[in-house]
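The values are calculated or read from the model by the stated rules, or taken from the named source; none is laboratory data. A quick note: this is a predicted structure, and the numbers were derived from the prediction, not measured. Cβ: placed from backbone, ideal geometry, glycine included. Neighbour counts: every protein chain shown.
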């Protein structure tokens, strides 16, 4: 039987290397952020004719490129990348445009009038081009304007929420395992939980940053933050199953006289089928959503796919063997 404990240092090396590389990805690759993080505009249209799909194709191929030609050079610098998608189950489409406020800096201050003029010119030109489509019936339903300062607030709040969630889950695990194993403290379970969850979030983040560098439609936004919080819930669920099996096997350790390392390996293998079945089922659903679900959720689903893979690896190969090194028991 393969021993995860005896080979744990290989798993640690892989995890630590990926962790460090993922931390460096924002500097190695461009950090592709959505308007929730950087600021920008989001315009929602109701399309009666032509179909939303046909309108989206026309927007991507001709209307948006033509619209940017109408803008002045100063306005072109403000409007960065654009994204067009349909809201699932409706005849509404959404046009998003990122804003680069750094180009409107004058003597250390942001020229807000220039920024707003660029936003207005872009949205007006889009609506004019849509109205020029023969027999088209297009109605602007919603106009959302996100400033860069609000984007900074969302970004800092998201990072803080992730950190607090990891801390709260770890403290709860310490509380839940207190006194359940005679002669063994509960704090190693909390440390293992915190390390495992931080590992999952950081590496999933790094994989997503790499993907977004080559496929710009995947952006770091509030959907991504939500996906990472979801990954925390999935990962701790998988980790707790293994830990609970370890606790159960420790309760009978006196009768079978197993070493602590052997007991950890046995607990991992006892739950291996369950972990693989659950992860496979989740992956099948996520892959189906990624290819056949709404385009607006593809980034969210991709982040969940990365988190599920990394979370399964950490629960089996990192979290459980780490208990051996933290407790010092053999």
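Below, the figures for the structure above:
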read-out: Residue within segment 125-132 that is farther than 30 Å from residue 79 by Cβ and at pLDDT below 80 present; value: no
read-out: Only listed residue being crowded, with 20+ Cβ neighbours inside 10 Å and in the same structural domain as residue 170 (by TED's automatic domain parsing), chosen from 241, 231, 282, 278; value: 231
read-out: Entirely in segment 225-325, the helices (runs of 4 or more DSSP H) that have 3 or more residues that are closer than 17 Å to residue 204 by Cα; value: 260-292, 298-313
read-out: Condition check for residue 120: surrounded by fewer than 20 Cβ atoms within 10 Å (Cβ to Cβ) and more than 30 Å from the chain's Cα centre (by Cα); value: yes
read-out: Unmet requirement for residue 212, which otherwise passes all of (1) surrounded by fewer than 21 Cβ atoms within 10 Å (Cβ to Cβ); (2) in contact with a strand residue (DSSP E or B) (Cβ under 8 Å, 6 or more places away or on another chain); value: (1)
read-out: Single match in 207, 171, 164 (criterion: modelled with pLDDT of 90 or more, surrounded by fewer than 16 Cβ atoms within 10 Å (Cβ to Cβ), in a helix (DSSP H, G or I) and in contact with a helix residue (DSSP H, G or I) (Cβ under 8 Å, 6 or more places away or on another chain)); value: 171
read-out: Test result for residue 216, more than 12 Å from the chain's Cα centre (by Cα), touching a residue at least 60 places away in the same chain (Cβ under 8 Å) and closer than 30 Å to residue 29 by Cα; value: yes
